[in-house]
Amino acid sequence: MSRSAIKKFKYSPFISAGVISVDDLLTLVESMKKIGAKNVKLTGETVFVWEGTEKPEGFEKAAVYQANQFKFGGVRPVKMCSAETFCANNKLPVLDLAMKIDELYHNTHLEMKMLIAVAGCRRSCSEPSTKDVGIIAHPDGYQILVGGAAGFKPMVGQNLGMVATEQEVIDTVGRIIEFCKVHGRRSARLGRIINKLGLETFRAHIMDGAPMPDEVLDIADEEE
Ligand code: SF4
């Protein structure tokens, strides 16, 4: 059978508030598996919940995946749009890119938190403009936005620039994380640091390797 004859069929179950009993989830997964589903896209952080006075016996053995951290600081899991999973609009492949960013940077310790989103096109279903780092695929490369946030003081991400390859995206995200290791402070958000520093200074440092001016070091100390 030619590849062009292969269609994608999808079923996106409405799970109100994203909460489902483990029994119902098992039933759903088993019935999807029975008719041939191979992968499922989970949106946001998946959390299993127990009630009791002690951590359940066998927890360490059962919890086989690296755990997400919900403490304030650190690099959170990449938020990914549907792109290759079940959307045909993506301008460049982005799923591997998102997974590589997770593989390299997830849970990197920072005093501040860092949210990253990847979107396959400008429709921005993963809301990259509301994240500290947002990546949007265009036909000719990847646009990088910086400084977006929701929370108490929402901010819209600003355009850092375009890069041509996945590797350049990964390297740029790495340099932003290194910047935040040095200059980020608890409760700071990247957008407010950039606003104080100036986007051009930040861009020159991240994109062109310009040194940071001494006088702006520790700029985030006074943030909220
Ligand atoms: S951002 Fe674009 S590629 Fe991603 S799910 Fe939305 S429409 Fe599809």
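A few remarks follow.
- Region 129-142, subset away from the ligand (no atom under 12 Å from the Cβ) and part of a strand (DSSP E or B), residue nearest to residue 105 (Cα to Cα): 133
- Every pair of residues 6+ apart whose Cβ atoms lie under 6 Å, when the first sits in region 68-83 and is small (Gly, Ala, Ser) while the second is within 16 Å of the ligand (Cβ to nearest atom) and not in a loop (DSSP other than H, G, I, E, B): 83/95
- When residue 80 is tested against (1) at pLDDT below 90; (2) under 25 Å from residue 194 (Cα atoms); (3) within 16 Å of the ligand (Cβ to nearest atom), exactly one condition is not met: (1).
- Apart from one condition, residue 100 fits all of (1) more than 16 Å from the ligand (Cβ to nearest atom); (2) of a type in the set (Lys, Arg); (3) in a loop (DSSP other than H, G, I, E, B); the exception is (3).
- Count - residues of region 137-155 that are over 16 Å from residue 79 (Cβ atoms) and β-branched (Val, Ile, Thr): 0
- No other residue among 182, 146 is away from the ligand (no atom under 16 Å from the Cβ), in contact with a Leu (Cβ under 8 Å, 6 or more places away or on another chain) and modelled with pLDDT under 95 apart from 182.
The values are calculated or read from the model by the stated rules, or taken from the named source; none is laboratory data. Computed from a predicted model, the values in this text were never measured in an experiment. Glycine gets a Cβ as well: all are built from the backbone with ideal geometry, and neighbour counts include every protein chain shown.
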